[in-house]
Amino acid sequence: MINVFKVKLKYKIDSSYDIVIGENLDKNIINDLKRFNHSKYIIVTDDVTRKLFGDKLLAVLKKNKINSDIVSFTAGEKNKNIATVTEICRELLRKGTDRKSCIVALGGGVAGDIAGFVASIFMRGIEFVQIPTTLLAMVDSSIGGKVGVDLDAGKNILGMFAQPKRVYIDIDYLKTLPIEELENGLAEIIKHGIIADKKLFIYIEKNLDKIFRKDVIALTKIIIDSVKIKKAIVEKDEKESLLRMKLNFGHTTGHAVEALSNYRIKHGKGVALGMLIESRIANKLGLLKNVDMLRINLLVRRAGLNIHDDVFKAVSKANLNKLVLLMHHDKKAFKGDIRFILPLALGKVVIRSSLKDNLIKESVLDVLPRG
Ligand SMILES: NC(=O)c1ccc[n+]([C@@H]2O[C@H](COP(=O)([O-])OP(=O)(O)OC[C@H]3O[C@@H](n4cnc5c(N)ncnc54)[C@H](O)[C@@H]3O)[C@@H](O)[C@H]2O)c1
Ligand SMILES: [Zn+2]
């Protein structure tokens, strides 16, 4: 005889959260943490951001009598792996972290992804807040609840959807950010303009010098506009079906370029080149007008994609087949068919698949420097 019992688990959890954007948010953070009343707050950060901000934040928390501690790991994408996660979890236990504790993810996207992932699995999941300190983390990785680490075989293979309790975007952190990292974040912001907000694209065209001067008003404006776009897409499509895929404009090609370079090329640069190539594909298909393609091309280059960059050296005629093969193996590909997000105009994109490999290769060659 066979007995079947259904375990009924039809519940819906409200995992809404606030994204607080401003300058010098320490007071807000202190007030919130006191109110949240977790047993302990553990800052998880990399060694660079620990020296710059982590130890100071810990001192502020302690001064305000908040039970707190700090754990750090060596900075860099190569440490975004399960070994780092295990080491952090051991450290958390040593420091007396329990189920009612809360992790404070402080740093760039690497720290945010690792700390959020640790929070999502430690003792079957504890709460966490995000304090992003790179432009990329502010406009992209800290929002949307994707957390995880890399495996030798690929990026972000081990991961979860886990929403933070709150996100604090403090513009002050950008003062120490190297220009190269600013460019990385800017590529994603330009992407947001192209997929959903022509006015944001135009604003960046007009105010690029202010952005590079780290003018607080300009930075706040592009961060707020970007956050609104990412938030709206995530709200409608938390677990990535069709709508969230829009955010992958420039990424199908970008990820392949990153992989081709063995991840020496930073994500933002890969995406920047990806946006040029995918705009060219759209143009060749008759979807995107010349004038819009040229505007995208010009802005992406002005925003940091230098013709002498290694990103161009990573791709050549010789490894074109390999590049396209990598695209066929992209996580977003369906049964090997590559899905492209292609611009129709500034602020509007469409999803297309079943494109001919030759069209992709020709578009790559069109974008590469001659000679
Ligand atoms: N979860 C998501 O949805 C999502 C989205 C996009 C990217 N990501 C991930 O984000 C990661 C990339 O993040 P990233 O570009 O922020 O890189 P990163 O975290 O490696 O930071 C870059 C470097 O800048 C340093 N740094 C951070 N803030 C600083 C500051 N204010 N001043 C000076 N130095 C500072 C860091 O210590 C690090 O050395 C990748 O692993 C990517 O997969 C995740
Ligand atoms: Zn990206």
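The values are calculated or read from the model by the stated rules, or taken from the named source; none is laboratory data. All values derive from a computational prediction rather than experimental measurement. Note that each Cβ is placed from the backbone with ideal geometry, even for glycine, and that neighbours are counted across all protein chains shown. The area values use the complete protein model at the heavy-atom level, side chains included, leaving out ligands, DNA and RNA. Shrake-Rupley method; radii C 1.70, N 1.55, O 1.52, S 1.80 Å.
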Has region 145-154 got any residue that is closer than 30 Å to K27 by Cβ, within 13 Å of ligand 1 (Cβ to nearest atom) and touching a residue at least 60 places away in the same chain (Cβ under 8 Å)? yes
Residues located in region 239-254, provided they are within 14 Å of ligand 1 (Cβ to nearest atom) and not charged (D, E, K, R): M245, L247, N248, F249, G250, H251, G254
Can you tell me which residue within region 138-154, out of those that are open to solvent by less than 40 Å² (accessible area, probe 1.4 Å) and part of a strand (DSSP E or B), is nearest to K78 (Cα to Cα)? D150
Flagged in region 27-45 as more than 25 Å from V85 (Cβ to Cβ) and out of contact with any strand residue (DSSP E or B) (no Cβ under 8 Å at 6 or more places or on another chain), in numbering order, are K27, I30, N31, K34, R35, N37
Only one of (1) open to solvent by less than 60 Å² (accessible area, probe 1.4 Å); (2) within 14 Å of A303 (Cα to Cα) is not met by R213, so which one is it? (1)
Every residue from region 50-90 that is under 19 Å from N28 (Cβ atoms) and either among the hydroxyl-bearing types (S, T, Y) or in contact with a Leu (Cβ under 6 Å, 6 or more places away or on another chain) (or both): G54, I66, S68
Of everything in region 155-169 that's open to solvent by 10 Å² or more (accessible area, probe 1.4 Å) and part of a strand (DSSP E or B), which residue is farthest from ligand 2 (Cβ to nearest atom)? R166
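For region 255-271, give me each residue that is part of a helix (DSSP H, G or I) and either outside the structural domain of L342 (by TED's automatic domain parsing) or within 11 Å of ligand 1 (Cβ to nearest atom) (or both).
H255, E258, H267, G268, K269, G270, V271, listed by residue number.
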Answer yes or no: is there a residue in region 343-361 that is in contact (Cβ under 8 Å) with a residue 12 or more places away in the chain, crowded, with 20+ Cβ neighbours inside 10 Å, out of contact with any Phe, Trp or Tyr (no Cβ under 6 Å at 6 or more places or on another chain) and assigned to a helix (DSSP H, G or I). yes
Is it the case that region 302-320 has a residue that's modelled with pLDDT of 95 or more and on the phi < 0 side of the Ramachandran plot? yes
Count - residues of region 302-325 that are under 23 Å from L359 (Cβ atoms) and either of a type in the set (D, E, K, R) or exposed (fewer than 12 other Cβ atoms within 10 Å of the Cβ) (or both): 4
Run down I43, I19 and say which single residue is in contact (Cβ under 8 Å) with a residue 40 or more places away in the chain and under 30 Å from R264 (Cβ atoms). I43
Those residues of region 171-182 which are open to solvent by 10 Å² or more (accessible area, probe 1.4 Å) and either near ligand 1 (Cβ under 10 Å from one of its atoms) or closer than 17 Å to R50 by Cα (or both) amount to D172, Y173, K175, T176, L177, P178, E180, E181
Which of the residues spanning region 119-129 are surrounded by 20 or more Cβ atoms within 10 Å (Cβ to Cβ) and either within 9 Å of ligand 1 (Cβ to nearest atom) or assigned to a helix (DSSP H, G or I) (or both)? A119, S120, F122
Just checking, how many residues over region 40-93 are more than 16 Å from ligand 1 (Cβ to nearest atom) and within 13 Å of F122 (Cβ to Cβ)? 9
I222 - would you say it is surrounded by fewer than 20 Cβ atoms within 10 Å (Cβ to Cβ), among the aliphatic types (A, V, I, L, M) and in the same structural domain as G254 (by TED's automatic domain parsing)? no
Tell me which residues, restricted to region 302-320, are part of a helix (DSSP H, G or I) and without any contact (Cβ under 8 Å) to a residue 12 or more places away in the chain. K313, A318
Can you spot a residue in region 130-137 that is more than 16 Å from ligand 2 (Cβ to nearest atom), open to solvent by less than 20 Å² (accessible area, probe 1.4 Å) and small (G, A, S)? no
Going through region 194-204 in order, the residues found to be open to solvent by less than 10 Å² (accessible area, probe 1.4 Å) and either within 16 Å of ligand 1 (Cβ to nearest atom) or over 13 Å from A272 (Cα atoms) (or both) are I195, L200, F201, I204
